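This report refers to the structure that appears directly beneath it.
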Amino acid sequence: MEDSIKLYSEMERYEIININDGDKYNCLSNNDVIIDEEGNFKLLILADPKVKFSFFAKNEFIEVPWEYIKKIGTKTIIIDVNEKILKKTHI
């Protein structure tokens, strides 16, 4: 297989880091990816690391558009975005 191809089964262990503020968003397997009909990545849906999990509270997620993903390395996915411009969703 080509070196430029990355399998999701390998990428799900990659840690997501925002270099703008240094926040860590856990691993890709603990977050979600939105893919369009053509198989292109559109969004990362990340659990907000500042909000603790609770059975009684609404969970808060951050939508990161693909253009803010700067690099997919060997063990990390690097995003570079100011959190103030990201859309937050409550579920």
**OP:** Go through the stretch 37-52 and give me each residue that's of a type outside the set (Lys, Arg) and more than 9 Å from the chain's Cα centre (by Cα).
**Re:** 37, 38, 39, 40, 41, 48, 49, 51
**OP:** Among the residues of the stretch 73-83, write down those that are over 19 Å from residue 5 (Cα atoms) and either open to solvent by 60 Å² or more (accessible area, probe 1.4 Å) or part of a strand (DSSP E or B) (or both).
**Re:** 79, 82
**OP:** State yes or no: is residue 34 within 11 Å of the chain's Cα centre (by Cα), modelled with pLDDT of 90 or more and open to solvent by 40 Å² or more (accessible area, probe 1.4 Å)?
**Re:** yes
Original post:
Which of the residues belonging to the stretch 51-72 are open to solvent by less than 100 Å² (accessible area, probe 1.4 Å) and either outside any loop (DSSP other than H, G, I, E, B) or at pLDDT 90 or above (or both)?
Top reply: 60, 61, 62, 63, 64, 65, 66, 68, 69, 72
Original post:
What number of residues in the stretch 17-45 are in a strand (DSSP E or B) and closer than 13 Å to residue 66 by Cβ?
Top reply: 8
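The values are calculated or read from the model by the stated rules, or taken from the named source; none is laboratory data. All of these numbers come straight from a predicted model, not from anything done at the bench. Ideal geometry is used to build each Cβ from the backbone, glycine not excepted, and the neighbour counts take in all protein chains shown. For the accessible areas, the whole protein counts, side chains as well, though only heavy atoms, and no ligand, DNA or RNA atoms are used. Shrake-Rupley method; radii C 1.70, N 1.55, O 1.52, S 1.80 Å.
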